[in-house]
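Engineer: Let me begin by handing over the structure; questions about it come next.
The values are calculated or read from the model by the stated rules, or taken from the named source; none is laboratory data. No experiment lies behind these values; they were computed from the predicted model shown. Note that each Cβ is placed from the backbone with ideal geometry, even for glycine, and that neighbours are counted across all protein chains shown. Ligands, DNA and RNA are excluded from the accessible area calculation, which covers all protein heavy atoms including side chains. Shrake-Rupley method; radii C 1.70, N 1.55, O 1.52, S 1.80 Å.
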Amino acid sequence: MAAISSLGDLRGRRVLVRSDLNVPLDGALPFPGITDDGRIRAAVPTISALAAAGARVVVVAHLGRPKGAPDPAYSLAPVAERLSELLGAPVAFASDTVGPSASATVAGLVDGDVAVLENVRFNPGETSKDDAERGAFAAELASLADAFVSDGFGVVHRKQASVYDVALLLPHAMGSLVEAEISVLRRLTEAPERPYVVVLGGSKVSDKLAVIDNLLEKADTLVIGGGMVFTFLAAQGHGVGSSLLESDQIPVCAEYLKRAEASGVRILLPSDVVVAPAFAADSPATVVAAGAIPNDQMGLDIGPESAAAFGAAIREARTVFWNGPMGVFEFPAFAEGTRVVAQALTEVDGLSVVGGGDSAAAVRQLGFADSAFGHISTGGGASLEYLEGKTLPGIDVLKD
Ligand code: ADP
Ligand code: MG
């Protein structure tokens, strides 16, 4: 697949770059603060390489989930400011995506300049399920540029105008972030060094159950924590109190447990759980056996015995992929399981990969350096879909 160099001489050419700048914000209006700028940092190498090559760089990105109309709470303005600091260069900001401000901003660029367009999801065409509506919006985006570079790894699993349709309209290439992400995922799927351990947690239970299906054929051990664990405990016949539970998925989990046993894949579930009466930072925490969660309590972290067992399994691995925190790490009382697992990943003699927005934020919040891991993926959904063996539309479209 073509790298940026395939686009030829970029001097004087307007290059539209799809980046993933979807960072967490603290919500303080009118000037929301960025709580983790990891994704902006990850977008910098491609943007600065294009600028250094003399391109007029036009960055298109989304922030949050606005409902297809402008919403100041989701403005990319603070992100453009942070990008400018990280680039060490001015960044022009267009107050619309394909309107008069965007046209004027792009027309004002000279070679090596960078502009950011306002949140692409302020336009209903971006995420429309209707091919014609999406295509029409993509044509407006394409009219702002002479070439397209796809570098927003976090969105390549989405068939959206700025990810997919625009690539059909312009000469295109893959940015270095997407290239790096895909090459790591290829190492995980093609010939992972064994033992290969996959650690899953977090709260998007049904999204993540699909990946288990595929991993049951690939991984040696599946370690399961976080909110998804309770559906498995329920499948084993345990009560889970008021913990996160997807009851319609209980039979699916039961089937996975059976298949794992038949195929010799080890599924490691917690033996103990940290429970509390309410979902709150100051809710009094106690440790109980995984099979003895009181009716009026909810599991908010894996227990210490489980964390030690999970850590040991991870340290023995040669390849580890981890997606999803082990507990509600945002509350210090329920962050210990995630910390122990993160620590174990840093001690792996081999490839360790952290994927997922909250997982990446968790390891940074807990004080781990990015460099302590083999790779921190900027895309949770995209990396899971790749591991599931699904085609990623935003990658597929770059093939020709
Ligand atoms: P990622 O973004 O890394 O893919 P998810 O979005 O699936 O991860 O899940 C992250 C969230 O899961 C965190 O906000 C965390 O608080 C939550 N979580 C983890 N364990 C539990 C639990 N036992 N109960 C409820 N929420 C949980
Ligand atoms: Mg998340």
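Engineer: Report yes if some residue within segment 197-205 is of a type in the set (A, V, I, L, M, F, W, C) and away from ligand 2 (no atom under 16 Å from the Cβ); otherwise report no.
Structural biologist: There is at least one residue in segment 197-205 that is of a type in the set (A, V, I, L, M, F, W, C) and away from ligand 2 (no atom under 16 Å from the Cβ).
Engineer: Also, quick follow-up: Can you tell me which residue is farthest from ligand 2 (Cβ to nearest atom) among those in segment 351-385 that are open to solvent by 10 Å² or more (accessible area, probe 1.4 Å) and of a type in the set (S, T, N, Q)?
Structural biologist: Ser371
Engineer: Of all residues in segment 78-94, how many are assigned to a loop (DSSP other than H, G, I, E, B) and in contact with a strand residue (DSSP E or B) (Cβ under 9 Å, 6 or more places away or on another chain)?
Structural biologist: Matching residues across segment 78-94 total 2.
Engineer: Taking only segment 386-400 into account, find how many residues are buried (at least 17 other Cβ atoms within 10 Å of the Cβ) and not in a loop (DSSP other than H, G, I, E, B).
Structural biologist: Matching residues across segment 386-400 total 5.
Engineer: Give the residues of segment 7-62 that are touching a residue at least 60 places away in the same chain (Cβ under 8 Å) and at positive phi, sorted by residue number.
Structural biologist: Gly12
Engineer: Related question: In segment 333-350, how many residues are over 16 Å from Gly202 (Cα atoms) and either more than 14 Å from ligand 1 (Cβ to nearest atom) or open to solvent by 50 Å² or more (accessible area, probe 1.4 Å) (or both)?
Structural biologist: The number of residues fulfilling the criteria is 8.
Engineer: Identify all residues within segment 159-172 that are surrounded by 23 or more Cβ atoms within 10 Å (Cβ to Cβ) and either part of a helix (DSSP H, G or I) or among the small types (Gly, Ala, Ser) (or both); write none if there are none.
Structural biologist: If the condition is that a residue be surrounded by 23 or more Cβ atoms within 10 Å (Cβ to Cβ) and either part of a helix (DSSP H, G or I) or among the small types (Gly, Ala, Ser) (or both), then Ala161, Ser162, Asp165, Val166, Ala167 are the ones that fit.
Engineer: If I filter segment 199-222 down to residues being of a type in the set (Val, Ile, Thr) and within 13 Å of ligand 1 (Cβ to nearest atom), which single residue comes out as modelled with the lowest pLDDT?
Structural biologist: Checking each candidate, the answer is Val205.
To keep it simple, each residue is scored yes or no on (1) assigned to a helix (DSSP H, G or I); (2) away from ligand 2 (no atom under 16 Å from the Cβ); (3) in contact with a Leu (Cβ under 9 Å, 6 or more places away or on another chain); (4) at pLDDT below 95.
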site	(1), (2), (3), (4)
Leu233	yes, yes, yes, no
Cys253	yes, yes, yes, no
Pro284	no, yes, no, no
Ser306	yes, yes, yes, no
Val320	no, yes, yes, no
Ala333	yes, yes, yes, no
Arg339	yes, yes, yes, no
